[in-house]
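*Asks:* Quick one: the structure is below, and I'll ask about it shortly.
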Amino acid sequence: MLLYILGIVIVAIGFIVSIGLHELGHLSLARLFKVRVGQYMIGFGLTRFSPTKGETEYGIKAIPLGGYISMAGMYPPAHPGEKARMSGTDTFAVQGDG
């Protein structure tokens, strides 16, 4: 039973490391081409840990089943009076009447 649980933990850690390396590839290419990166996140949902270094916020979210980076130019500019979208996780945020 203990080996079974250890196997699950090892696979989960490997999955999270794989996501992190994948997103690191996006981050490194963005930096190579001088694109500003606002966020580097592993997971979705509520942010659990997020230090900021330079202009980039690095973080781990509650559900580690994916990841993303938020680059300048990913979203169109906000219309006057609207809040700018900062990440893909605010896609379903409640929007006012436009």
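No lab work stands behind these numbers, since they all come straight from the coordinates. All of these numbers come straight from a predicted model, not from anything done at the bench.
*Asks:* What Kirkwood hydrodynamic radius do you get for region 2-75 when you take the inverse of the mean 1/r over all pairs of distinct Cα atoms, in Å?
*Replies:* Working: mean 1/r = 0.0759 Å⁻¹.
It is 13.2 Å.
*Asks:* Please list, in chain and number order, the residues 5+ apart from Arg36 or on another chain whose amide H is under 5 Å from its amide H, with Hs placed from the backbone.
*Replies:* Ala72
*Asks:* Along region 9-19, what does the Karplus equation 6.51 cos²θ - 1.76 cosθ + 1.60 (θ = phi - 60°) give for ³J(HN,Hα), rounded to whole Hz, x for Gly and Pro?
*Replies:* Computed from phi, the couplings for region 9-19 are 5, 5, 5, 4, 5, x, 5, 5, 5, 4, 4 Hz.
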